[in-house]
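The values are calculated or read from the model by the stated rules, or taken from the named source; none is laboratory data. Note that the structure is predicted; figures quoted are calculated from it, not measured. With ideal geometry, Cβ positions are generated from the backbone for all residues, glycine too; neighbour counts draw on all protein chains shown.
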Amino acid sequence: MKILNNEINILKEAGNNRMAAIGGAIVIMLTLIAILASLLSPHDPFEQKLENRLLNPCFEYPFGTDDLGRCIFSRLIFGTRYSLAIGVTVVGITALVGTSLGIVSGYSRGIIDEIIMRIVDIVLAFPGIILALVIAGILGPSFLNVVIALSLTHWPAYTRLVRGLTLTLREMDFIEGAKALRASNIYIMRRHILPNCINPIIVLATLDIAHAIIFATALSFLGLGIQPPTPEWGSMLKAGIPYFRISPHLTFFPGTAIMVTVLAFNFLGDGLRDMIDPKINENILVSE
């Protein structure tokens, strides 16, 4: 119940923060576009009409057509589904795994803590995008493999964040009180530690969705992500490169979609961070 009340308060304050409000409004709009893609799309994103190839933006085709005569506007709308799906799925998996390992590591200490943190150090020793490229190259290009590659490279950030919070929380009086009442370790971690880590995790997850979307589009641009003819922004950007001089709209609109989406999540994350940061220490001191 406390977690729910905290999130309701955050949403109320988000409406008073201009940056969070702008980012949140764009994110909501993108989510609705992804859900209603079939209704909003004026054309079939897979339909090829070679007689209409490389058309400039016009009334029938608001964003023009690509080298196969497909409607770029329709493909961008459907591409929203894939970009948001990858971002949310990757962050959901990494937040769950990273948070669980962080709490276990910080609360247990000892050999368990050492093993988990050394694995984190090994993963962080490699640049994230390079490691994702290697994993995606080994697994092969597909939606599932992109999610796997990005999930394997993003979880350490959550583990380090939550471990640091847990190390502070485990020394608090209310944790000692719970131990004195013979509460189990699992109960303490679930009912006392986790609720006090939620706010920082939300901020990190919001910002991390933007990173996941950028990495996913980068993998597709390099040919290791979602493959054509699936309408994905990174692969659309790559397909437009050969026609950049004669039909710049092929790269302009996918690039703009990527930029706007990433900025929206960054604005939302920064706004939430500004609202939550002053209260982190206060929330840490609050017990169940």
* Working only within the stretch 78-129, note down all residues that are of a type in the set (D, E, K, R) and either assigned to a helix (DSSP H, G or I) or touching a His at 6+ places or on another chain (Cβ under 9 Å) (or both). => R81, D113, E114, R118, D121
* Asked: Among A136, A85, A95, which is the only one that is within 17 Å of the chain's Cα centre (by Cα), in contact (Cβ under 8 Å) with a residue 24 or more places away in the chain and surrounded by 20 or more Cβ atoms within 10 Å (Cβ to Cβ)?
  -> A95
* Structure fact -> Given the conditions (1) modelled with pLDDT of 90 or more; (2) in contact with a strand residue (DSSP E or B) (Cβ under 8 Å, 6 or more places away or on another chain); (3) surrounded by fewer than 20 Cβ atoms within 10 Å (Cβ to Cβ), every one holds for T65 apart from (3)
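Do the conditions hold for A216, that is, is it under 13 Å from F143 (Cβ atoms), modelled with pLDDT of 90 or more and in contact with a helix residue (DSSP H, G or I) (Cβ under 6 Å, 6 or more places away or on another chain)? Don't jump to the end; show me each part of the working.
Working: under 13 Å from F143 (Cβ atoms): yes; modelled with pLDDT of 90 or more: yes; in contact with a helix residue (DSSP H, G or I) (Cβ under 6 Å, 6 or more places away or on another chain): yes.
Taking the combined requirement at face value, the residue satisfies it.
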* Pairs, first over 11 Å from G269 (Cα atoms) in the stretch 16-30, second β-branched (V, I, T) and in a helix (DSSP H, G or I), C-beta under 7 Å, six or more apart -> I26/V260; L30/T80; L30/T261
* Considering the stretch 229-266 alone, what residues qualify as being assigned to a loop (DSSP other than H, G, I, E, B), among the charged types (D, E, K, R) and in contact with a helix residue (DSSP H, G or I) (Cβ under 7 Å, 6 or more places away or on another chain)? -> E232
* Count - residues of the stretch 246-277 that are of a type in the set (S, T, Y) and surrounded by fewer than 19 Cβ atoms within 10 Å (Cβ to Cβ) -> 2
* Structure fact -> Across the stretch 120-133, the tally of residues that are under 30 Å from T168 (Cα atoms) and surrounded by 15 or more Cβ atoms within 10 Å (Cβ to Cβ) stands at 4
* For M236, which of the numbered conditions (1) farther than 20 Å from T89 by Cα; (2) surrounded by fewer than 24 Cβ atoms within 10 Å (Cβ to Cβ); (3) touching a residue at least 60 places away in the same chain (Cβ under 8 Å) fails to hold? -> (2)
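What residue, of I186, I175, I138, I93, is of a type outside the set (D, E) and under 16 Å from L219 (Cβ atoms)? Talk me through it step by step, then tell me what you get.
Working: I186 fails: under 16 Å from L219 (Cβ atoms); I175 fails: under 16 Å from L219 (Cβ atoms); I93 fails: under 16 Å from L219 (Cβ atoms).
Exactly one residue qualifies, and that residue is I138.
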* Evaluate the following for A180: is it in contact with a Phe, Trp or Tyr (Cβ under 7 Å, 6 or more places away or on another chain) and either under 24 Å from G23 (Cβ atoms) or surrounded by fewer than 18 Cβ atoms within 10 Å (Cβ to Cβ) (or both)? => no
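From the list I202, I226, which residue is within 22 Å of L152 (Cα to Cα) and outside any helix (DSSP H, G or I)?
Numbers: I202 fails: outside any helix (DSSP H, G or I).
Just one listed residue meets the conditions, I226.
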* Select, from R191, R163, the only residue that is surrounded by fewer than 16 Cβ atoms within 10 Å (Cβ to Cβ), touching a residue at least 12 places away in the same chain (Cβ under 8 Å), assigned to a helix (DSSP H, G or I) and of a type outside the set (A, V, I, L, M, F, W, C). => R191
* Some residue of the stretch 43-53 being surrounded by 14 or more Cβ atoms within 10 Å (Cβ to Cβ), in contact (Cβ under 8 Å) with a residue 24 or more places away in the chain, under 24 Å from L263 (Cα atoms) and not aromatic (F, W, Y) -> no
